[in-house]
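These notes concern the structure reproduced below.
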Amino acid sequence: MSGNKELSNLYKLQDPTKQYPRPKFKHQPQGVPGLDRKMQPLADHGETSYKGSGRLPNRKALVTGGDSGIGRAAAIAFAREGADVAINYLPSEEGDAQEVIALIEKEGRKAIAIPGDISSEAFCKQMVKRAHKALGGLDILACVAGKQHAVEKIADVTTQQLEQTYRVNVFALFWTVKAALPLMPPGGSIITTASIQATHPSPSLLDYAPTKAAILAFTRALARQVAEDGIRVNCVAPGPVWTPLQTSGGQPDKKIPAFGSETPMKRPGQPVEMSPLYVLLASQESSYVTGEVYGATGGLEVG
Ligand code: NAD
Ligand code: MG
């Protein structure tokens, strides 16, 4: 089990700057897609720390990128709050995914594994159909999957990378939402995942950062389109978070030791620190919230 069991009690009053590991970190390059189990130190996705309190009773959630990082944290939290959860991931991430499946099942909830590549429109349609059928409904769609690969100079960004980054981050979101909306009942919630990069782009993320700006615009436009159908659409915009996306080339390897030190809190976020936002936005508690962007950036400010 790759969750870090040493990490803190989420609910105890404490100094957030010292709550989780701070730089320096080890160099730890790995291939794409990165695996959570190779992170040093292991990240906290709430495996032993997140406590549910019945905020998503019998809800039916599909989480893309649910095997690792922020998606894993959202999937675990959704299950602890009482939801049945389907997760999508790439076939090479089966090991990470099976850990999440086991954690969801441990809560007594239905856990559905849907491996496959969302850069294909046909697969996005199939994924939604399978989740809807296996869960017996679909009322939470958390689109968390993403591709990020840092390249210092525009001259070195290949057209293949440019296209794949847009396919995974933007086209897949469009296709998945298009397939899901007709299946979602009033009360349904769609949650997208942008980034601090949408508004504060890094020079080495010339393909990725604009996809995150596109996600913000898509979220706001869609929210207004479907509000009268009773579907809410909101966005989580994280700052630097300790996930395998970053150690598998999302950042240049030379930046990993100081990862998160640029934030006012001087540390990266942990995936579990994103979970409360996904839960709030999924839950009926946020019934008047739509078209919004919720940041969690250690103080960098999205906007
Ligand atoms: P992660 O590597 O744990 O998650 C990304 C997931 O995307 C992978 O697990 C993989 O399953 C999925 N994915 C990638 N390509 C895919 C494809 N072709 N088909 C199907 N699935 C695919 O890393 P993470 O940091 O938790 O990333 C989750 C989201 O958070 C991403 O959208 C990312 O852009 C966003 N984000 C991350 C950070 C950060 O610092 N980690 C900051 C801001 C935003
Ligand atoms: Mg993964």
Residue check, GLN148 outside any helix (DSSP H, G or I), within 16 Å of ligand 1 (Cβ to nearest atom) and out of contact with any Ser or Thr (no Cβ under 6 Å at 6 or more places or on another chain): yes
Residue pairs within 6 Å by beta carbon, gap of at least six or interchain, first lying in the stretch 62-78 and over 13 Å from PRO33 (Cβ atoms), second part of a helix (DSSP H, G or I) and among the aromatic types (Phe, Trp, Tyr), listed first then second, are ALA74/TYR278
The lone condition PRO186 fails out of (1) out of contact with any Lys or Arg (no Cβ under 8 Å at 6 or more places or on another chain); (2) part of a helix (DSSP H, G or I); (3) away from ligand 2 (no atom under 16 Å from the Cβ); (4) in contact (Cβ under 8 Å) with a residue 12 or more places away in the chain is (2)
Of the residues in the stretch 43-96, those that are in a helix (DSSP H, G or I), on the phi > 0 side of the Ramachandran plot and away from ligand 2 (no atom under 16 Å from the Cβ) number 0
Expected single match for modelled with pLDDT of 95 or more, within 16 Å of ligand 2 (Cβ to nearest atom) and under 27 Å from ALA217 (Cβ atoms) among THR159, THR193, THR176 is THR193
Only one of SER204, SER261 is modelled with pLDDT of 95 or more, of a type outside the set (Val, Ile, Thr), outside any helix (DSSP H, G or I) and farther than 29 Å from THR48 by Cα, namely SER204
Those residues of the stretch 110-152 that are of a type in the set (D, E, K, R), under 21 Å from VAL236 (Cβ atoms) and in contact with a helix residue (DSSP H, G or I) (Cβ under 6 Å, 6 or more places away or on another chain) come to a total of 1
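Could you check the stretch 25-42 and list, in sequence order, the residues that are within 9 Å of ligand 1 (Cβ to nearest atom) and assigned to a helix (DSSP H, G or I)?
Matches in the stretch 25-42: ASP36 only.
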query = Out of curiosity, is VAL177 within 16 Å of ARG72 (Cβ to Cβ), surrounded by 15 or more Cβ atoms within 10 Å (Cβ to Cβ) and in contact with a strand residue (DSSP E or B) (Cβ under 9 Å, 6 or more places away or on another chain)?
reply = no
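The values are calculated or read from the model by the stated rules, or taken from the named source; none is laboratory data. Since this is a predicted model, take the numbers as computed values, not measurements. Quick reminder, even Gly has a Cβ in these numbers, built from the backbone with ideal geometry, and neighbours come from all protein chains shown.
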